[in-house]
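Enquirer: The structure follows.
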Amino acid sequence: PEETVTSSFASFIHAVRPEHLSKTVRHRSKRMILDSIGVGLVGSTTHVFDIALRYCRLFSSVAVSSVYGKPGVKLSPTLAAFTNGVATHSMDFDDTWHPATHPSGAVLPALLAASQMLPPSTKPNGMDFLLAFNVGLEVQGRLMHFSTEAHDIPKRFHPPSVVGTMGSAAATAKLLALSSAQCAHALGIAASLAGAPMANAATQAKPLHIGNATRLGFEAALLAARGVEANPLILDDIPGCSGFSAFYSVYQPKPLSTPSEHHEFLLEKQDIAFKRFPAHLGMHWVVDAALSVRNLFINYAGSFSPSLIRTIVLKIPVSKYINRPFPSSEHQARHSFQFNACTALLDGEVGLSSFTESSIHRQELRELLDKVVVEHPEDNVANFDKMYGEVALLLHSGDVLTGKCDTFYGHWRKPLSKESLLKKFRSNASHVLPEEKIETIITMVDNLENLTDSSQL
């Protein structure tokens with residue numbers, strides 16, 4: 001039969017082999033896995049995670065898969081994937097790619113749960129695990145490149161709820177060794193389970209987007225393995241009958257070539273962004289800009305004295321859901337240019353404690369927020385590859401101090417060093433794990449290619 005876009009994706013998922021992973025891809029994806037586990041572990045301390053876990057324990061009958069941060073607690077595989085996905089995004093601390101999505105959280109929890117689900121005789125080894133993880137990333141990246149709309153900060157659907165569900169389906173289909181036809185059906189089933197609106201950003205519902213993506217993609221692969229069929233043209237652009245194109249106003253799909261000896265994964269060309277503090281990625285530009293101008297202010301005045309400031313001007317891209325002048329909850333604060341800029345100015349840093357209720361409602365912070373004016377320069381586009389953050393302090397003396405950030409530390413153009421990534425992981429994991437287990441995980445991920453049973457992770 002004639003090859004279609006959908007069949008080309010299915011063929012790729014089925015045919016790709018560990019030897020197609022370059023040294024760079026293996027290195028970058030292991031950094032992503034380690035960071036995602038750490039983010040999930042610290043996320044298991046949150047209120048929204050507790051709600052999700054209590055809910056899932058109502059229904060868990062085949063309890064075989066582990067839960068982040070809860071020794072001895074196990075759930076059925078798909079519910080464990082859901083719960084761990086919620087943990088991963090509960091603080092908006094997880095990695096971000098370009099075009100914009102959170103790729104690891106939608107894939108890793110499903111693979112961890114599936115590895116524990118499989119019987120001893122068919123446990124995937126570390127290289128199988130690493131390959132499946134990269135299949136999930138590759139499918140997400142390819143789908144996002146089908147639409148120019150996906151390159152900008154989203155307005156309609158939260159990207160991981162769309163492409164993440166497809167990536168989870170592809171990754172688990174690979175780990176479960178489904179046939180090419182079953183892989184195509186898994187993608188088709190996943191498309192019917194995908195999608196969440198951006199209106200739920202900055203609420204407790206947003207972490208559910210990642211939980212659902214990893215769980216529902218996993219379920220799509222399980223259903224396909226049991227014979228459920230779906231539209232074999234789900235990724236193709238069929239006039240008058242939308243498939244995956246329903247999620248994008250502009251959609252131009254391209255086949256994914258069968259992997260050759262020198263197949264180049266998208267992760268080879270496009271590295272990932274790791275967050276230094278738990279907030280929306282856009283916040284990292286304004287925080288670095290605010291820290292820069294804060295240093296100028298201290299050199300100017302001898303100390304940071306808010307009373308000397310008349311106006312704080314933020315020059316940011318237009319993006320309604322992260323333009324929040326006076327956030328009242330931790331989730332709103334994680335999605336507020338104004339809050340993150342003023343917190344950085346006031347405290348000289350942004351971290352886990354910045355988003356506690358007591359920090360959010362400080363009087364001195366509110367006084368700074370009252371001074372903020374937002375501007376949207378035409379050259380500051382809502383795109384994580386092109387945007388910048390600028391913070392200007394207009395002083396009562398008439399002087400103006402300005403800080404600007406084009407590329408924050410942690411962005412794919414300025415990636416975190418190994419030392420910084422390990423420091424973040426150790427800090428996150430230490431909230432729930434003893435030191436010896438933290439170091440064991442670091443060693444295990446670093447040597448993932450040599451792991452004989454990935455369920456040990």
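Enquirer: Which of the following residues is small (Gly, Ala, Ser), surrounded by 14 or more Cβ atoms within 10 Å (Cβ to Cβ) and modelled with pLDDT of 95 or more: Gly410, Gly398?
Expert: Testing whether each residue is small (Gly, Ala, Ser), surrounded by 14 or more Cβ atoms within 10 Å (Cβ to Cβ) and modelled with pLDDT of 95 or more leaves just Gly410.
Enquirer: For Cys183, which of the numbered conditions (1) under 15 Å from Val16 (Cβ atoms); (2) under 22 Å from the mean Cα position of the chain (by Cα); (3) open to solvent by less than 10 Å² (accessible area, probe 1.4 Å) fails to hold?
Expert: (2)
Enquirer: Quick one: Asn231 ticks every box in (1) free of Cβ contacts under 8 Å to residues at least 40 places away in the same chain; (2) open to solvent by 10 Å² or more (accessible area, probe 1.4 Å) except a single one, so which number is it?
Expert: Condition (1) is where Asn231 drops out.
Enquirer: Would you mind stating whether Arg366 is exposed (fewer than 13 other Cβ atoms within 10 Å of the Cβ), basic (Lys, Arg), over 26 Å from the mean Cα position of the chain (by Cα) and over 18 Å from Pro317 (Cα atoms)?
Expert: Judged against the criteria, Arg366 is a match.
Enquirer: How many residues does region 238-258 contain that are surrounded by fewer than 18 Cβ atoms within 10 Å (Cβ to Cβ), of a type outside the set (Lys, Arg) and touching a residue at least 60 places away in the same chain (Cβ under 8 Å)?
Expert: 6
Enquirer: Do you know which of the residues in region 124-150 that are open to solvent by less than 50 Å² (accessible area, probe 1.4 Å) and not hydrophobic (A, V, I, L, M, F, W, C) is farthest from Thr101 (Cα to Cα)?
Expert: Pro124
Enquirer: Output the residues belonging to region 132-158 that are touching a residue at least 60 places away in the same chain (Cβ under 8 Å), within 25 Å of Ala10 (Cβ to Cβ) and of a type in the set (A, V, I, L, M, F, W, C).
Expert: Phe133, Val135, Leu137, Val139, Leu143, Phe146, Ala150, Phe157
Enquirer: Okay, next question. Which of the numbered conditions does Trp285 fail, given that it passes all the others? Conditions: (1) closer than 30 Å to Thr24 by Cα; (2) open to solvent by less than 20 Å² (accessible area, probe 1.4 Å); (3) not assigned by the TED database to the domain that holds Val374.
Expert: Trp285 satisfies all of (1) closer than 30 Å to Thr24 by Cα; (2) open to solvent by less than 20 Å² (accessible area, probe 1.4 Å); (3) not assigned by the TED database to the domain that holds Val374 except (3).
Enquirer: Kindly indicate whether any position in region 121-137 is within 30 Å of Asp379 (Cα to Cα) and not aromatic (Phe, Trp, Tyr).
Expert: no
Enquirer: The conditions are (1) open to solvent by less than 30 Å² (accessible area, probe 1.4 Å); (2) within 19 Å of the chain's Cα centre (by Cα); (3) of a type outside the set (Ser, Thr, Tyr), and Asp385 fails exactly one of them. Which is it?
Expert: (1)
Enquirer: List pairs: first residue in region 329-354 and farther than 12 Å from Met91 by Cα, second residue of a type in the set (Val, Ile, Thr) and open to solvent by 10 Å² or more (accessible area, probe 1.4 Å) anywhere in the structure, Cβ distance under 7 angstrom, at least six positions apart or on different chains.
Expert: Taking only residues 6 or more apart or on different chains, the pairs are Gln338/Val372; Asn340/Val350; Cys342/Val372; Thr343/Val350; Ala344/Val350.
Enquirer: Enumerate the pairs (first residue in region 358-387 and among the small types (Gly, Ala, Ser); second residue anywhere and open to solvent by less than 60 Å² (accessible area, probe 1.4 Å)) with beta-carbon separation below 7 Å, excluding pairs fewer than 6 apart on the same chain, so at least 6 apart or on different chains.
Expert: Ala382/Ile153; Ala382/Pro317; Ala382/Ser319
Enquirer: For residues in region 413-433 being in contact with a Phe, Trp or Tyr (Cβ under 9 Å, 6 or more places away or on another chain) and not in a loop (DSSP other than H, G, I, E, B), which is surrounded by the fewest Cβ atoms within 10 Å (Cβ to Cβ)?
Expert: Across region 413-433, the extreme among qualifying residues is Ser420.
Enquirer: If Asn295 meets every condition in (1) part of a helix (DSSP H, G or I); (2) open to solvent by less than 50 Å² (accessible area, probe 1.4 Å); (3) modelled with pLDDT of 95 or more; (4) not aliphatic (A, V, I, L, M) apart from one, which number is that one?
Expert: (2)
Enquirer: Now for a separate question. Tell me, which residue of region 316-330 that is open to solvent by less than 20 Å² (accessible area, probe 1.4 Å) and either in contact with a Phe, Trp or Tyr (Cβ under 6 Å, 6 or more places away or on another chain) or not in a loop (DSSP other than H, G, I, E, B) (or both) is nearest to Gly403 (Cα to Cα)?
Expert: Ile316
Enquirer: Going by the structure shown, is Gly217 modelled with pLDDT of 95 or more and either assigned by the TED database to the domain that holds Ala100 or under 21 Å from the mean Cα position of the chain (by Cα) (or both)?
Expert: Taking the combined requirement at face value, the residue satisfies it.
Enquirer: What helices (runs of 4 or more DSSP H) lie completely within region 23-94 and have 3 or more residues being surrounded by fewer than 24 Cβ atoms within 10 Å (Cβ to Cβ)?
Expert: Of the helices (runs of 4 or more DSSP H) lying wholly inside region 23-94, those with at least 3 residues that are surrounded by fewer than 24 Cβ atoms within 10 Å (Cβ to Cβ) span 23-43, 47-56.
The values are calculated or read from the model by the stated rules, or taken from the named source; none is laboratory data. What you see is a predicted model, and the numbers here were worked out from it, not measured in a lab. Neighbour counts run over all protein chains shown; Cβ positions are idealised from the backbone, glycine included. Surface accessibility is based on the protein's heavy atoms, side chains included, excluding ligands, DNA and RNA. Shrake-Rupley method; radii C 1.70, N 1.55, O 1.52, S 1.80 Å.
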